[in-house]
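Contents: one structure, followed by commentary.
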């Protein structure tokens, strides 16, 4: 998985979300008590309260990772949204490449079939 920093998150894109904690030396580590989650990034938003200083929250439409097996295309993820969440700085985000890998594989297969049919080994369907 390729990590994406919060400032580079793209609205409408699907991301794996991992919760962090710290060890005794205050090094950030994965929180093994929580499983990886999945969400659709909405925006970065300034959150303020009376208790803490304002901070940039990553706003996601979150859903259960077990629903990923039912999603065939990234656009279907909206159907499985459970709730909106505001995530602080103790989270890591990873690009979901499942759909791009599938699309690339299907494109290669179509191109190979078309190249054989028309007899042009350099033909590429866009």
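The values are calculated or read from the model by the stated rules, or taken from the named source; none is laboratory data. This one's a predicted model, so the numbers in the text were calculated from it and none came from an experiment. Cβ placement follows ideal geometry from the backbone for every residue including glycine, while neighbour counts extend to all protein chains displayed.
A few remarks follow.
- Under the condition of being surrounded by 13 or more Cβ atoms within 10 Å (Cβ to Cβ) and either within 10 Å of the chain's Cα centre (by Cα) or modelled with pLDDT under 85 (or both), the residues counted in region 35-46 number 6.
- Residue satisfying all of: in region 102-126; touching a residue at least 12 places away in the same chain (Cβ under 8 Å) and assigned to a helix (DSSP H, G or I); farthest from residue 71 (Cα to Cα) among these: 111
- On the stretch given as region 4-34, residues that are within 23 Å of residue 84 (Cβ to Cβ) and surrounded by fewer than 12 Cβ atoms within 10 Å (Cβ to Cβ) total 6.
- 3 or more residues touching a helix residue (DSSP H, G or I) at 6+ places or on another chain (Cβ under 7 Å): qualifying strands (runs of 3 or more DSSP E) within region 1-47: 37-47
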